[in-house]
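Worksheet: one structure, shown below.
None of the figures in this text is laboratory data; all of them are computed from the coordinates on show. It should be emphasised that the depicted structure is a prediction, and the values quoted were computed from it without experimental measurement. For neighbour counting, all protein chains shown are included, and Cβ atoms are generated from backbone atoms with ideal geometry for every residue, glycine included.
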Ligand code: GLU
């Protein structure tokens, strides 16, 4: 029997790292055994449904390279893959359960259910549906339903004993049946609840392994009852440990404490393969202990029985440093060049000189943790007009005479290779008898616009004679103009502050009101 796994996200908001995590392991298991990986959208909660969330989930899996074999927009033999389009399946299953006596139609109004809850609280009983709908005879149920009376369909659950299942990681899990009330399967609007939909779909889509987050462990006995009532074989259940915040209590990962949006990581310049690698270390480890591994390597080694349950911590610092390793060592320089091109394009930069880009990347990549940081550092290499920040302007002003000397010296230098540039700069600094930084910092600023840049020799060699001369010339020009501050952000902030000040001054001059005079 082929292995069939699935990921079943609800399209309700930002695509969550937890969905990527569970998706990754399901993908790996299916691929490992040459099986199928199904994407199903659990969109029956119409209150929380967001149309665009669906596209964003698909885009997330696409970006991560976890391509489902079946799913919405992909097709497959077991579609449709949106639960809202499968209502007939659930209604048919509910009808079968009613016909076989495993379920019944219940007609209590919301007010009646509320009164029941209040009474239970008053008496100190555990809250929950008390099964009163069972008392209505099946013929009467059918008649009232035919008359159009609103109702739900509930599962008839056993009162005594317990229901259990074997979890691949946890072993035997059992829950007393007293804790499982007659659960709603079909709501009054004809939509299924999660429990009915998940069982019907997993069965009809041929799912062999239900691998999902730990929070569903306690729902699984209900599913087991449903499988039994419908006469279907149970799949293998695997409940994955929840991702945790890196706080002292290792609480469940949540939006409030942690960025859980995959899109946000993408925008920060985390590489999809680094995110997958990172998620692949959550509860899982490679048999040989390797920390850096590709998706294919994970697939080749994947065995869900090796997942460990001790709450894996989603530590952003580790994710960033793993990403840095990908930028620095894992990707080839050419591949990295391809990755940053769209980022540069977004800043209005098209790269014509591939070698120049790769040379710049070579010195910059050990200094960046994300594509965003790398782009920030690359931009000055390509901008024809640099903008100097406050600190940079101060450094430039202090370095005018050095820059004038160096402009002349570079003009006379023939070869812009490491040795010659290094010799020129060292010799110059020695003759000036000043600390290295006094000369290097203004030059660094002249070349890049900022004080945070790699070694000056690298910069000069990569930029070459023409660019170096041009940039020093521009810096000297700016110095001679008194280093005007042309940062639009800062100019805007200053204009706003001035407007506020003027407003305050105006108010100060107006005559006092009677109340103010007292
Ligand atoms: N729709 C559920 C979720 O978003 C799926 C749970 C399951 O995999 O059974 O977590």
Checklist line | Rg(Cα) / (2.2 N^0.38 Å) computed for segment 132-198, rounded to two decimals | finding: 1.42
Next item on the list: Relative to the longest principal axis of the C-alpha atoms of the chain, give the angle of the C-alpha long axis of helix 51-64, reported between 0 and 90° and rounded to the nearest 10°.
Entry: 60
Check: Which of rounded, prolate, oblate describes segment 1-89, given a ≥ b ≥ c as roots of the alpha-carbon gyration tensor eigenvalues and a/c under 1.5 marking rounded, otherwise prolate only if a/b is larger than b/c?
Finding: oblate
Check: Extension gain residue 485-residue 259, at 0.36 nm per residue separation less the Cα-Cα distance, in nm?
Finding: 77.8 nm
Note to self: Using a 7 Å offset from Cα along Cα-Cβ at residue 493, what residues in segment 440-454 end up with backbone N under 18 Å from the label point?
What the structure shows: 450-452
Next item on the list: Enter the angle in degrees (range 0 to 90, nearest 10) between the Cα long axis of helix 371-382 and the first principal axis of the Cα atoms of the chain, meaning the one along which they spread out most.
Entry: 30
Checklist line | Rg/Rg_globular for segment 128-247, with Rg_globular taken as 2.2 N^0.38 Å and Rg from C-alpha atoms | finding: 1.21
Next item on the list: With the convex hull built on the Cα atoms of the chain, state its orientation-averaged projected area in nm².
Entry: 39.9
Notebook entry, point to check: Helix 488-509 versus the longest principal axis of the chain: what angle, 0 to 90°, nearest 10, using Cα atoms?
Noted result: 90
Item checked: Simple label model, 7 Å out from Cα along Cβ direction - residue 55 to residue 294, nm -> 3.2
Note to self: Could you order the peptides 56-66, 113-123 from most to least packed, using the average number of other C-beta atoms within 10 Å per residue?
What the structure shows: 56-66, 113-123
Check: Hey, could you pull the Cα Rg and Dmax for segment 351-396, both in Å?
Finding: 12.1, 34
Next item on the list: Classify segment 338-491 as rounded, prolate or oblate, taking a ≥ b ≥ c as the square roots of the eigenvalues of its Cα gyration tensor: rounded when a/c is under 1.5, otherwise prolate if a/b is larger than b/c and oblate if not.
Entry: oblate
Checklist line | Coarse-grained scattering of segment 329-423 at q = 0.12 Å⁻¹, given as base-10 log I(q)/I(0) from a Debye sum over alpha-carbon atoms | finding: -0.53
Item checked: Proxy reagent accessibility, fewest Cβ within 10 Å first, across 503, 383 -> 503, 383
Notebook entry, point to check: Does segment 69-172 classify as rounded, prolate or oblate by the C-alpha gyration tensor (a ≥ b ≥ c root eigenvalues; a/c under 1.5 gives rounded; else a/b over b/c gives prolate, otherwise oblate)?
Noted result: oblate
Note to self: If packing is taken as the average count of other Cβ atoms within 10 Å, what order do 347-358, 309-320 fall into, highest mean first?
What the structure shows: 309-320, 347-358
Check: Once the piece of chain linking residue 335 and residue 389 is laid out straight, how much longer is it, given 0.36 nm per residue of separation minus the C-alpha distance between them?
Finding: 16.3 nm
Notebook entry, point to check: Taking every DSSP beta bridge that has both residues in the chain, what percent is antiparallel when rounded to the nearest 5?
Noted result: 55
Item checked: FRET efficiency estimate (nearest 0.05) - Cβ-Cβ, residue 315 to residue 120, R0 60 angstrom -> 0.85
Check: So how do 16-23, 157-164 stack up, highest first, on mean other-Cβ count within 10 Å?
Finding: 16-23, 157-164
Next item on the list: Determine Rg/Rh for segment 263-364; Rg is computed over alpha-carbon atoms and Rh is the Kirkwood hydrodynamic estimate from the same atoms.
Entry: 1.05
